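Everything below concerns the one structure shown next.
The values are calculated or read from the model by the stated rules, or taken from the named source; none is laboratory data. Just so we're clear, the structure is a prediction, and the values are computed from it rather than from any experiment. We place every Cβ from the backbone using ideal geometry, glycine too, and count neighbours over all the protein chains shown. Ligands, DNA and RNA are stripped out before the accessible areas are found, and what is left, the full protein with its side chains, is counted by its heavy atoms. Shrake-Rupley method; radii C 1.70, N 1.55, O 1.52, S 1.80 Å.
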Amino acid sequence: QVQLFESGGGLVQPGGSLRLSCAASGSIFSYNAMGWYRQAPGKERELVALIIRGGSTNYADSVKGRFTISRDNAKNTVYLEMNSLKPEDTAVYYCNALVPDRNPLYEYSYWGQGTQVTVSS
């Protein structure tokens, strides 16, 4: 069982920055991928950024050039650096981990509890 603990959310003005952290209870080095998702009121949860085992990253078009996902294997923590924040970035941000089973054909998906990000003047 993997537990994920997000932190770093809050209220920020448009154009501001925040850094979210996701601390995992296990060794993220062995995970297939870790990602950040967000869900705004009345909308579906969407992928924001993903970092896979080899280090490659993917971003939603809406955050490219503004957000950066990174990881620190020694601290078992994944970060989401968010710059030039816009009101439309307001949402609950969730951390996700894809953890392989002993059978590599299978993997498990784990979620954190979420952290609120509000961008408003």
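Calculated FRET efficiency, Ser17 to Tyr108, Cβ-Cβ distance, R0 = 41 Å: about 0.80 to the nearest 0.05. What lysines does Lys43 reach when the alpha-carbon gap must be under 18 Å and sequence neighbours fewer than 8 apart in one chain are set aside? Within the straight-line cut-off, Lys43 pairs with Lys86. Residues whose amide H falls under 5 Å from that of Tyr108, counting only those 5 or more places apart or on a different chain, are Val99, Asp101, with hydrogens built in the peptide plane. Share of the chain's accessible area from carbon and sulfur, percent, 1.4 Å? Its accessible area is 48 percent carbon and sulfur atoms. Please give the FRET efficiency for Ala74 paired with Ser120, using the beta carbon to beta carbon distance and R0 = 41 Å, rounded to the nearest 0.05. After rounding to 0.05, the efficiency reads 0.70.
If contacts are Cα pairs under 8 angstrom and at least 6 residues apart, what is the relative contact order of the chain in percent? Write down the numbers at each step before the final one.
Values: 295 pairs, mean separation 42.8, N = 121.
Computed over the chain, the figure is 35 percent.
Applying the Karplus relation 6.51 cos²θ - 1.76 cosθ + 1.60 with θ = phi - 60° to region 52-62 yields 3J(HN,Hα) values of 9, 3, x, x, 5, 10, 9, 9, 5, 4, 5 Hz, where x marks Gly and Pro. The HN-Hα couplings worked out from phi for region 33-43 by the Karplus form 6.51 cos²θ - 1.76 cosθ + 1.60 (θ = phi - 60°) are 6, 9, x, 10, 10, 9, 9, 8, x, x, 10 Hz, whole numbers, x standing for Gly and Pro. Taking max minus min of the alpha-carbon positions on each principal axis, region 41-81 gives extents of 37, 20, 17 Å, largest first. Taking the DSSP bridge list for the chain and keeping only pairs wholly inside it, about 95 percent are antiparallel.
The charge dipole of the chain, taken about its Cα centre with unit charges on the Cβ atoms of Lys, Arg (+1), Asp and Glu (-1) only, comes to about 140 debye. Note on the chain: with a GNM built from Cα contacts shorter than 10 Å, the maximum mean-square fluctuation among Ser17, Ser27, Ser56 falls on Ser56.
With both labels modelled 7 Å from their Cα along Cα-to-Cβ, the Lys43 to Ser25 distance reads 3.1 nm.
Average accessible surface for region 11-121: 54 Å² per residue, computed with a 1.4 Å probe over protein heavy atoms with every protein chain in place. Using a Gaussian network model of the chain in which every pair of alpha carbons under 10 angstrom is joined by a spring, one finds that among Leu80, Leu18, Leu50 the greatest mean-square fluctuation is at Leu18.
All alpha carbon pair distances within the chain were sorted into 10 Å bins beginning at 0; the resulting P(r) in whole percents reads 14, 48, 29, 8, 1.
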